[in-house]
Amino acid sequence: PVQCCSTHQKKQAPRAASHKFCHKAAAAHLRKQGKQQHSSSSSSQEVRGEQLAALLQRVGSPAVREQPKIVQLLAHVLPFLTYGNDSLMCVLVHHFLPHLELLMQSSQECKASLVSLVMPLHMPLQQEAHIHQQPLHASAQEREAYVDCFVSVVQRMGNEATACQLRAKLTDAGLVERLAQVVADTLPAADVDKQGTAWANALATPCLPHVLQLLTGISRGYEAAQTQVAQSGSGSSLLMSLHALEEMSSEQQMGSLAEQLLLALSEGNPQLTLSIAQLREATVDKKR
């Protein structure tokens, strides 16, 4: 019996070794296939990034910026062209923010409170360098076209998953906080004379309409952004200043922009809805 068992084990040994070899070969094949798929996915993503960057470079061209319908169409489809992909969203955001930063630096009021808006988002270094260099060579008209397009992109964002993801990226990266600080530093206190120099200078600030529009689009129904805007300044001072601004008239319709921002801040936010309603009720009571 011992010899029989020994003979059986010897016959099983090659078979076991064969199975072990097959398992190793299968595992190696799966690892190789996974690497190939990852490489293919990375390559496809890189191509999409290059295509998106190429499209964005056309935004400032005369053929595009002189056709408002084309700009509106681009603003509508650009977020969807990121496919909800983080790196593609970085390409989209990084392409616009340097233009916004340079435009805001042309205003002393904005420049005084401006921290670099170019966010430290992860993206390929070569691509990042190319995008950062581009605004230095852009004309004033091109820069304005890029900023207008970015404002349109943000304002057109709905409640779809891609839009919510883009809102989160802009908010988490600090853009909302910095823009809100620009507004807080630009607008006088609510109790300052509305006919005085301080409010006149604020209404004449070139970058303020863009900033108000961007904050409106990002904070609409998004609590994290709403909270950052509401907490800017000291206490509820920014909300009070925005309420004061919404009652004023100007050539750039600042009052309407402030009203739209307050509406966006209150959307889906009961606490801010109550705070803004109380500010308005207090103003009505004073006028009685």
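The values are calculated or read from the model by the stated rules, or taken from the named source; none is laboratory data. Owing to the predicted nature of the structure, the values given are computational and were not obtained by experimental measurement. For neighbour counting, all protein chains shown are included, and Cβ atoms are generated from backbone atoms with ideal geometry for every residue, glycine included. The accessibility values were calculated without ligands, DNA or RNA, using every heavy atom of the protein model including side chains. Shrake-Rupley method; radii C 1.70, N 1.55, O 1.52, S 1.80 Å.
Annotations
- Solvent-accessible surface (1.4 Å probe) assigned to residue 220 amounts to roughly 60 Å².
- Counted charge near residue 279, where neighbours are those whose Cβ lies closer than 15 Å (Asp, Glu -1; Lys, Arg +1): -3
- What segment 170-288 shows is 48 Å² of accessible area per residue, with the surface traced by a 1.4 Å probe over protein heavy atoms.
- Shape category assigned to segment 170-288 from the gyration tensor of Cα positions, a/c cut at 1.5: oblate
- The heavy atoms of residue 197 present about 100 square angstrom of accessible area, all protein chains included, probe 1.4 Å.
- Exposure rank, largest accessible area first [146, 222, 83; 1.4 Å]: 83, 222, 146
- Look at the alpha carbon pairs under 8 Å that are at least 6 residues apart: their mean separation over the length of segment 235-288 gives a relative contact order of 28 percent.
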